[in-house]
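> Input: one structure, supplied below.
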Amino acid sequence: MGDHFSYSTKAGFNKITNQPLFINDTADGKSFIVLNESQMKVLHYDGEIGYTVQEKFSLKGGFSFNHYMNLRDNPKAYGLVPLELNADMRVQILKDLYLTSDLFAWSGAQYRKSNGDNAQLKGAFDLNAGLDFQITKNLKVWSQFNNIFNKQYQRWNQYPVYGFNFVAGVIFAFDQKN
């Protein structure tokens, strides 16, 4: 779609064999038992749209939808997320300084309680942002702020994410030829 826009879409219906599914071990609750699903079917659809202007600005958003059905061995597709939404942005602020951000959301995956009942985790919504600065051709510094909204959620049952956190680093690249 022109010089700056991009898009993609995909739809499919798949038969999956020997799919690993992860449930919490009821003995300690902090390790996983891998169940095997000998066969299941998945209706899948995803799409993405993006806008880019050289290295100065890019914005991309997408989604992925999976409907798991006809499982033979297990009542639910434990640990598999049915709906994911995402967006990311990169903006050049100064010559060698970039602002990045990631926004994502998903619906909660199915899990099995210790009493054997099925349940679904709550969905998640999160925002991350960062800066990176190219000091020299071989040296870059970066920082990232994660879970800016300080939301409590779980991607896997009994594994809560960290709240708001900050990480930073230095990247040194060897042998950069002119």
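The values are calculated or read from the model by the stated rules, or taken from the named source; none is laboratory data. If you're wondering where the values come from, they're calculated on a predicted model, not measured in any experiment. Backbone-built Cβ (ideal geometry, glycine too); neighbour counts: all protein chains shown.
> Restricting attention to region 88-100, which residues are farther than 12 Å from ASP132 by Cβ and either buried (at least 16 other Cβ atoms within 10 Å of the Cβ) or in contact with a Cys (Cβ under 6 Å, 6 or more places away or on another chain) (or both)?
Result: ASP88, MET89.
> I need the full set of residues from region 154-170 which are surrounded by 12 or more Cβ atoms within 10 Å (Cβ to Cβ) and within 19 Å of ASP88 (Cβ to Cβ), in order please.
ARG155, VAL161, ASN165
> On to the next question. Would you check if SER64 is among the small types (Gly, Ala, Ser) and either farther than 19 Å from LYS10 by Cβ or exposed (fewer than 13 other Cβ atoms within 10 Å of the Cβ) (or both)?
So SER64 does not fit the description; no.
> Looking only at region 86-100, how many residues end up being acidic (Asp, Glu) and farther than 20 Å from PHE125 by Cα?
1
> Looking at ILE135, ILE93, ILE171, which is the one that is at pLDDT 90 or above and out of contact with any Leu (no Cβ under 8 Å at 6 or more places or on another chain)?
ILE135
> Still on this structure: Looking at (1) part of a strand (DSSP E or B); (2) closer than 30 Å to GLN144 by Cα; (3) out of contact with any Phe, Trp or Tyr (no Cβ under 7 Å at 6 or more places or on another chain); (4) not aromatic (Phe, Trp, Tyr), which is the one condition that is false for LYS30?
Among (1) part of a strand (DSSP E or B); (2) closer than 30 Å to GLN144 by Cα; (3) out of contact with any Phe, Trp or Tyr (no Cβ under 7 Å at 6 or more places or on another chain); (4) not aromatic (Phe, Trp, Tyr), the lone unmet condition for LYS30 is (1).
> Within the bounds of region 128-147, is there any residue that is in contact with an Asp or Glu (Cβ under 9 Å, 6 or more places away or on another chain), touching a residue at least 12 places away in the same chain (Cβ under 8 Å), at negative phi and among the hydroxyl-bearing types (Ser, Thr, Tyr)?
yes
> Quick one: would you say ILE16 is over 22 Å from the mean Cα position of the chain (by Cα) and part of a strand (DSSP E or B)?
It is false that ILE16 is over 22 Å from the mean Cα position of the chain (by Cα) and part of a strand (DSSP E or B).
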